[in-house]
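**Student:** Sharing a structure here in structure tokens format.
The values are calculated or read from the model by the stated rules, or taken from the named source; none is laboratory data. Computed from a predicted model, the values in this text were never measured in an experiment. Cβ: placed from backbone, ideal geometry, glycine included. Neighbour counts: every protein chain shown.
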Amino acid sequence: MPKKYYSTLLLTILSPVVCAKYLPPTIANKGMVVSEQKIASQVGVDILKAGGNAIDAAVATGYALAVVDPCCGNIGGGGFMLIHLKSGKNIGLNFRETAPKKIKSSLFFSAGKKTKASTLGYLSVGVPGTVMGLNSALKKYGTLSLKQVMQPAILLAKNGFILSTNNAQFFNHEKKLFSSTKNTQKIFFPDNQKWHAGDRFIQKDLAKTLSMISLKGARYFYQGPIAQAIVTASEKAGGVLSLQDFHHYHIRWVTPIHCEYRKHTIVTMPLPSSGTTVCQILSILNTFPFPKNGFHSSTVTHINTAAMQLAFHDRNQYLGDPRFTPSATRALLSSQHIKKQQEEIRHSIIHIHLNPQTTTSPKEKLETTHYSTYDKEGNAVSVTYTLNGFFGSKKIAGNTGFFLNNELDDFALKKDLKNQFHLKQGDANLIAPNKQPLSSMSPTLVFNHHQLIMILGAAGGPTIITQIVQTIENVLDFDMNIQAAINSPHYHRQDSPATTFYEPQTFSLDTLKALKLMKNHLEKYLWGKYPTWGQQAAILIDPSNHLIFGANDARRPDGAAIGLSKKCLKPTNNHIQFQ
Ligand code: DON
């Protein structure tokens, strides 16, 4: 495992443990913002209060996370946004990073061996999409000015914000690396002192960059001094980014894809997002009825992991940027293909009767970032964006004040050569100039008879896909409230390694035994090492009374679901029965 990723995950182990499986969700009736930083959620809610809609709130929250969540929130990365308008229309926005024109696979190898260049330093950087993405969403569907929605982020950067234990630990963990270059040292360790919870963290360079973007728009980033600073720093360090790469960058408005699960409609992002894989897993599962008391039972788990494995196998082989490889979405979601995969699973089920037992609470873990917003009119936004690794490439260009991504590691640098998430991918996702790497990020919406009931998404590399599937099941199959659904311990299966990884206390001993009898290979902890993983920020709407339930993942104790209501609403632990 690359050292960078090891250290990323190590941090998560150092983080405090949260056991909050049955905390009630936040409840409100005029709007909701959920993100992994309370301060950013509050920024979003303040925008709603000021009369903004869910899109305004999403843009403000996105910029605020770029300040208060420097590991993961960003303006130097990219992602996907799924918008639901009160009119009923759903729209996708692809603001994923794009590979530079001069990129080639050989740059990442030395004497036939993969170097660290795909995860560390300027060769790993794709042209960032966040600024153009957020600004374009605001322009098309927002109601407030760029200045207005960016102002909170600018002030948080300029005046600073109070560090949580987690953020202080993350910075300290990178002390050696951040102290080794002048511009990161100036921001993170100006006095060579370690950080403590309660310290104020100020980012003057970032405040200036944000302030200029708020005045001049995305042009300041793509056609002006920011592009120039990044290209200069990249060239100096042997990178291949050019000004043309920035001039040619553009976001894409896309049509979401959809599928059915338990009489609900799942709306999710098309390629190069992994909505296809979310839909493939759910479509395979759709003809296997799960009993209400089947949560984490051996049969349900066996079926789930088999569906995950089959869908990941196809994902790794056939999916990539659709502008380079014709989209396989239609073929993979065709009833013929799904039926074939359902048959394969049916043959592998052995019914084993053991004593049932209950499962208990999860542990906490940190990484990339997903957030969700909802307003009183019924507009909704689901955003997942990322620098890829923790603090991305760990590079800040000149005085720009923000980290650049290391998204190019999401490509297959060579066919079947695994990336930092152990994904072995094929020709469809081979690295190429101007191409976007296949992503696991899959912002998703769930509808019941055309009514929006869930806004969700996750962070955590390929586990994003399996977290989303399990949360949908937890609500629709196992009647959990949205908070319990995302806090519940989860498991993950991708194609390779041929192992199902699970969080502690996910399964009883009996269940583990039964799963093993059905020839499942299981291992505690993700990739055998990391006790918990992922992050979700979800909203559930009860169509019967329009109550809004927000849930921040207990694995991210710095986050919050903050609701907007005329008066305080009492927390409730009730689940909602959908027809
Ligand atoms: O787009 C992807 O699939 C990855 N770059 C996501 C990375 C991620 O979620 C990191 N956090 N665990």
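**Student:** Is it fair to say ASN304 is at pLDDT below 95, within 20 Å of TYR491 (Cα to Cα) and not acidic (Asp, Glu)? Write out each step before concluding.
**Tutor:** Working: at pLDDT below 95: no; within 20 Å of TYR491 (Cα to Cα): yes; not acidic (Asp, Glu): yes.
In short, no.
**Student:** What do you reckon, is LYS529 surrounded by fewer than 17 Cβ atoms within 10 Å (Cβ to Cβ), modelled with pLDDT under 95, more than 16 Å from the ligand (Cβ to nearest atom) and of a type in the set (Lys, Arg)? Write out each step before concluding.
**Tutor:** On the way: surrounded by fewer than 17 Cβ atoms within 10 Å (Cβ to Cβ): yes; modelled with pLDDT under 95: yes; more than 16 Å from the ligand (Cβ to nearest atom): no; of a type in the set (Lys, Arg): yes.
Against the criterion (surrounded by fewer than 17 Cβ atoms within 10 Å (Cβ to Cβ), modelled with pLDDT under 95, more than 16 Å from the ligand (Cβ to nearest atom) and of a type in the set (Lys, Arg)), LYS529 does not qualify.
**Student:** Just to check your reading of the model, which residue among LEU210, LEU241, LEU215 is modelled with pLDDT of 95 or more, farther than 27 Å from LEU408 by Cα and not aromatic (Phe, Trp, Tyr)? Steps first, please.
**Tutor:** Working: LEU210 fails: farther than 27 Å from LEU408 by Cα; LEU241 fails: farther than 27 Å from LEU408 by Cα.
It is LEU215.
**Student:** Kindly provide the set of residues from region 507-553 that are among the aliphatic types (A, V, I, L, M) and either on the phi > 0 side of the Ramachandran plot or out of contact with any Asp or Glu (no Cβ under 9 Å at 6 or more places or on another chain) (or both), ordered by number. Spell out how you get there, then give the answer.
**Tutor:** Going through region 507-553, the residues among the aliphatic types (A, V, I, L, M) turn out to be 509, 512, 514-515, 517-518, 522, 526, 537-541, 547-548, 551.
Hits for region 507-553 are LEU509, LEU512, ALA514, LEU515, LEU517, MET518, LEU522, ILE539, LEU540, ILE541, LEU547, ALA551.
**Student:** Also, quick follow-up: If I ask for residues that are touching a Ser or Thr at 6+ places or on another chain (Cβ under 7 Å) and more than 20 Å from PRO256 (Cβ to Cβ), which ones from region 313-347 would you list?
**Tutor:** Quick first cut of region 313-347, residues touching a Ser or Thr at 6+ places or on another chain (Cβ under 7 Å) only: 315, 319, 329, 332-333, 338, 342.
If the condition is that a residue be touching a Ser or Thr at 6+ places or on another chain (Cβ under 7 Å) and more than 20 Å from PRO256 (Cβ to Cβ), then GLN342 is the only one that fits.
**Student:** Ok, one more. Test of understanding: among ILE83, ILE103, ILE75, which residue is in contact (Cβ under 8 Å) with a residue 12 or more places away in the chain, buried (at least 22 other Cβ atoms within 10 Å of the Cβ) and farther than 30 Å from ALA157 by Cβ?
**Tutor:** Values: ILE83 fails: farther than 30 Å from ALA157 by Cβ; ILE75 fails: farther than 30 Å from ALA157 by Cβ.
Testing whether each residue is in contact (Cβ under 8 Å) with a residue 12 or more places away in the chain, buried (at least 22 other Cβ atoms within 10 Å of the Cβ) and farther than 30 Å from ALA157 by Cβ leaves just ILE103.
**Student:** Also: For residues that are farther than 19 Å from LYS567 by Cβ and over 16 Å from the mean Cα position of the chain (by Cα), tally how many sit in region 43-58.
**Tutor:** Restricting attention to region 43-58, the residues satisfying the condition of being farther than 19 Å from LYS567 by Cβ are 43-44, 47, 50-58.
If we keep only those that are over 16 Å from the mean Cα position of the chain (by Cα) too, we end up with 43-44, 47, 50-57.
Residues meeting the conditions: 11.
**Student:** State all residues of region 414-429 that are within 22 Å of the chain's Cα centre (by Cα) and either within 16 Å of SER106 (Cα to Cα) or of a type outside the set (A, V, I, L, M) (or both); if no residue qualifies, say none.
**Tutor:** Within region 414-429, LYS418, ASN419, GLN420, PHE421, HIS422, LYS424, GLN425, ASN429 qualify.
**Student:** Across region 180-227, what is the number of residues that are surrounded by fewer than 15 Cβ atoms within 10 Å (Cβ to Cβ) and among the small types (Gly, Ala, Ser)?
**Tutor:** 3
**Student:** Here is a follow-up. Condition first: within 16 Å of the ligand (Cβ to nearest atom), outside any strand (DSSP E or B) and under 14 Å from the mean Cα position of the chain (by Cα). Can you find one or more residues in region 367-375 that meet it?
**Tutor:** Yes, because at least one residue in region 367-375 is within 16 Å of the ligand (Cβ to nearest atom), outside any strand (DSSP E or B) and under 14 Å from the mean Cα position of the chain (by Cα).
Condition check ((1) surrounded by fewer than 22 Cβ atoms within 10 Å (Cβ to Cβ); (2) away from the ligand (no atom under 15 Å from the Cβ); (3) touching a residue at least 12 places away in the same chain (Cβ under 8 Å)) across all residues:
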site	(1), (2), (3)
VAL381	no, yes, yes
THR384	no, no, yes
ASN388	no, no, yes
LYS414	yes, yes, yes
HIS422	yes, no, yes
GLY426	yes, yes, yes
ALA432	yes, yes, yes
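**Student:** Could you check how many residues of region 228-285 are crowded, with 20+ Cβ neighbours inside 10 Å and in a helix (DSSP H, G or I)?
**Tutor:** Summing the residues that are crowded, with 20+ Cβ neighbours inside 10 Å and in a helix (DSSP H, G or I) in region 228-285 gives 17.
**Student:** Would you confirm whether any residue within region 29-41 is more than 16 Å from the ligand (Cβ to nearest atom), crowded, with 19+ Cβ neighbours inside 10 Å, assigned to a helix (DSSP H, G or I) and of a type outside the set (Ser, Thr, Tyr)?
**Tutor:** Among the residues of region 29-41, at least one is more than 16 Å from the ligand (Cβ to nearest atom), crowded, with 19+ Cβ neighbours inside 10 Å, assigned to a helix (DSSP H, G or I) and of a type outside the set (Ser, Thr, Tyr), which makes the answer yes.
**Student:** Given the conditions (1) basic (Lys, Arg); (2) modelled with pLDDT under 95; (3) within 22 Å of the chain's Cα centre (by Cα), and given that ARG493 satisfies all but one, which numbered condition is not satisfied?
**Tutor:** (2)
**Student:** Within region 390-412, can you find the residues that are within 13 Å of the ligand (Cβ to nearest atom) and either basic (Lys, Arg) or under 15 Å from THR115 (Cβ atoms) (or both)?
**Tutor:** Passing the criteria: SER393, ASN406, LEU408, ASP409, PHE411.
**Student:** Going through ILE162, ILE75 one at a time, which residue ends up being farther than 18 Å from TYR222 by Cα and among the β-branched types (Val, Ile, Thr)? Don't jump to the end; show me each part of the working.
**Tutor:** Working: ILE75 fails: farther than 18 Å from TYR222 by Cα.
Answer to the selection: ILE162.
**Student:** Tell me the strands (runs of 3 or more DSSP E) entirely within region 452-553 that contain at least 2 residues that are touching a Gly at 6+ places or on another chain (Cβ under 7 Å) and among the hydrophobic types (A, V, I, L, M, F, W, C).
**Tutor:** Details: elements: 500-502, 522-524, 535-542, 547-552.
Of the strands (runs of 3 or more DSSP E) lying wholly inside region 452-553, those with at least 2 residues that are touching a Gly at 6+ places or on another chain (Cβ under 7 Å) and among the hydrophobic types (A, V, I, L, M, F, W, C) span 535-542.
**Student:** Looking at (1) within 23 Å of GLY392 (Cα to Cα); (2) not in a helix (DSSP H, G or I), which is the one condition that is false for ASP191?
**Tutor:** Only one criterion is unmet by ASP191, namely (1).
**Student:** Out of the residues in region 442-451 that are outside any strand (DSSP E or B) and farther than 16 Å from ASN379 by Cβ, state the one that is farthest from the ligand (Cβ to nearest atom).
**Tutor:** At the first step, the residues of region 442-451 found to be outside any strand (DSSP E or B) are 442-443, 449-450.
Add one more test, that the residue is farther than 16 Å from ASN379 by Cβ, and what stays is 442, 449.
Details: SER442: 9, HIS449: 32 Å.
Per the stated criteria, the residue is HIS449.
**Student:** If you don't mind, there's one more thing I want to ask. Out of region 460-506, which residues are among the charged types (D, E, K, R) and either surrounded by 24 or more Cβ atoms within 10 Å (Cβ to Cβ) or at positive phi (or both)? Quick ask: steps written out before the conclusion?
**Tutor:** Our first condition is that a residue be among the charged types (D, E, K, R); within region 460-506, this holds for 473, 477, 479, 493, 495, 503.
Within region 460-506, ASP479, ARG493, GLU503 meet the criteria.
**Student:** Right, another one. Only one of LEU408, LEU438, LEU417 is more than 28 Å from CYS259 (Cβ to Cβ) and part of a loop (DSSP other than H, G, I, E, B). Can you tell me which? Please lay out each step first, then the result.
**Tutor:** On the way: LEU408 fails: part of a loop (DSSP other than H, G, I, E, B); LEU438 fails: more than 28 Å from CYS259 (Cβ to Cβ).
On inspection, the qualifying residue turns out to be LEU417.
**Student:** With respect to SER297, determine if the residue is more than 25 Å from PRO543 (Cβ to Cβ) and surrounded by 24 or more Cβ atoms within 10 Å (Cβ to Cβ). I'd like the intermediate steps shown before the answer.
**Tutor:** Numbers: more than 25 Å from PRO543 (Cβ to Cβ): yes; surrounded by 24 or more Cβ atoms within 10 Å (Cβ to Cβ): no.
Considered against the rule, which asks whether it is more than 25 Å from PRO543 (Cβ to Cβ) and surrounded by 24 or more Cβ atoms within 10 Å (Cβ to Cβ), SER297 comes out as no.
**Student:** Next question, about the same structure. Checking the conditions here, which among LYS176, LYS139 is farther than 19 Å from PHE201 by Cβ, surrounded by fewer than 18 Cβ atoms within 10 Å (Cβ to Cβ) and more than 23 Å from the chain's Cα centre (by Cα)?
**Tutor:** Only one candidate qualifies: LYS139.
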